[in-house]
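A short worksheet on the structure shown next.
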Amino acid sequence: TATVDESVVAKMRASDFGGASVTIPHKIDIMSKLDEITDEAKAIGAVNTVVPVQGPHQGTILVGDNTDCEGMFDESIFGAANKKKGVAVELAYTPRFTRFLKLAGLAGWATVEGGEVLVEQGGWQAQKWVGRQWDLESVQAQMDLVQAGRV
């Protein structure tokens with residue numbers, strides 16, 4: 001959507017709304033449309049996850065959260081840093097392995113490409129929406145096929 005207007009808010013308040021991923025440029029604008037903002041989202045200053053919670057009297061409460069840090073600093077991503085000099089993270093999706101990541105890899109650094117961070121961050125969103133993370137390895141395998149042009 002081009003803007004976060006009242007029609008978007010109305011759809012989010014529908015009984016069948018399961019949650020939303022919010023991307024740039026809407027991560028800040030959406031905050032004023034939500035009922036509650038988590039401490040994490042307040043600290044970051046942006047919302048990338050909307051979680052509908054059924055309130056006892058007022059219908060759906062829209063909670064804004066942010067899983068960007070959880071996705072970026074997940075142990076599965078940075079566990080490799082224990083074996084290497086450091087970690088180089090590039091949040092670009094295309095190309096998958098940027099010049100920066102290639103150079104960092106040649107220098108012996110562990111590298112993390114943007115698609116991997118996206119999958120991890122999305123797994124944390126799934127946890128907030130349905131109470132469990134998805135199978136991150138399967139999702140990453142699908143992402144690999146898409147990025148390789150095989151899907």
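The values are calculated or read from the model by the stated rules, or taken from the named source; none is laboratory data. Being a predicted model, the structure only gives us computed values, none of them experimental. Cβ atoms come from the backbone with ideal geometry, glycine included; neighbour counts cover every protein chain shown. The accessibility values were calculated without ligands, DNA or RNA, using every heavy atom of the protein model including side chains. Shrake-Rupley method; radii C 1.70, N 1.55, O 1.52, S 1.80 Å.
Can you work out which of the residues in the range 93-114 that are of a type in the set (Val, Ile, Thr) and in contact with a helix residue (DSSP H, G or I) (Cβ under 7 Å, 6 or more places away or on another chain) is most open to solvent (accessible area, probe 1.4 Å)?
Thr111
Residue check: is Val117 open to solvent by 50 Å² or more (accessible area, probe 1.4 Å) and either part of a helix (DSSP H, G or I) or not basic (Lys, Arg) (or both)?
Here the answer is no, as Val117 does not meet what is asked.
I need the full set of residues from the range 120-151 which are of a type in the set (S, T, N, Q) and in a loop (DSSP other than H, G, I, E, B), in order please.
Gln133
Could you tell me whether Ala10 is open to solvent by less than 60 Å² (accessible area, probe 1.4 Å), small (Gly, Ala, Ser) and out of contact with any Ser or Thr (no Cβ under 6 Å at 6 or more places or on another chain)?
For Ala10, the condition - open to solvent by less than 60 Å² (accessible area, probe 1.4 Å), small (Gly, Ala, Ser) and out of contact with any Ser or Thr (no Cβ under 6 Å at 6 or more places or on another chain) - is not met.
Of (1) surrounded by 16 or more Cβ atoms within 10 Å (Cβ to Cβ); (2) modelled with pLDDT under 85; (3) in contact with a strand residue (DSSP E or B) (Cβ under 8 Å, 6 or more places away or on another chain), Ala81 satisfies all except one. Which?
Ala81 satisfies every listed condition except (1).
Collect the residues in the range 23-65 that are in contact with a Gly (Cβ under 9 Å, 6 or more places away or on another chain), under 22 Å from Gly131 (Cβ atoms) and open to solvent by 90 Å² or more (accessible area, probe 1.4 Å), keeping them in residue-number order.
Within the range 23-65, just Glu36 meets the criteria.
Leu34 passes all but one of (1) free of Cβ contacts under 8 Å to residues at least 40 places away in the same chain; (2) more than 19 Å from the chain's Cα centre (by Cα); which number fails?
Only one criterion is unmet by Leu34, namely (2).
Only one of (1) part of a loop (DSSP other than H, G, I, E, B); (2) within 28 Å of Phe73 (Cβ to Cβ); (3) out of contact with any helix residue (DSSP H, G or I) (no Cβ under 7 Å at 6 or more places or on another chain); (4) not basic (Lys, Arg) is not met by Ala14, so which one is it?
Condition (2) is where Ala14 drops out.
Taking the range 120-137 as the search range and keeping residues that are open to solvent by less than 60 Å² (accessible area, probe 1.4 Å) and farther than 21 Å from Ile24 by Cα, which one is modelled with the lowest pLDDT?
Selected residue: Gln133.
Can you report the number of residues in the range 91-114 which are touching a Phe, Trp or Tyr at 6+ places or on another chain (Cβ under 7 Å) and in a helix (DSSP H, G or I)?
So the answer is 1.
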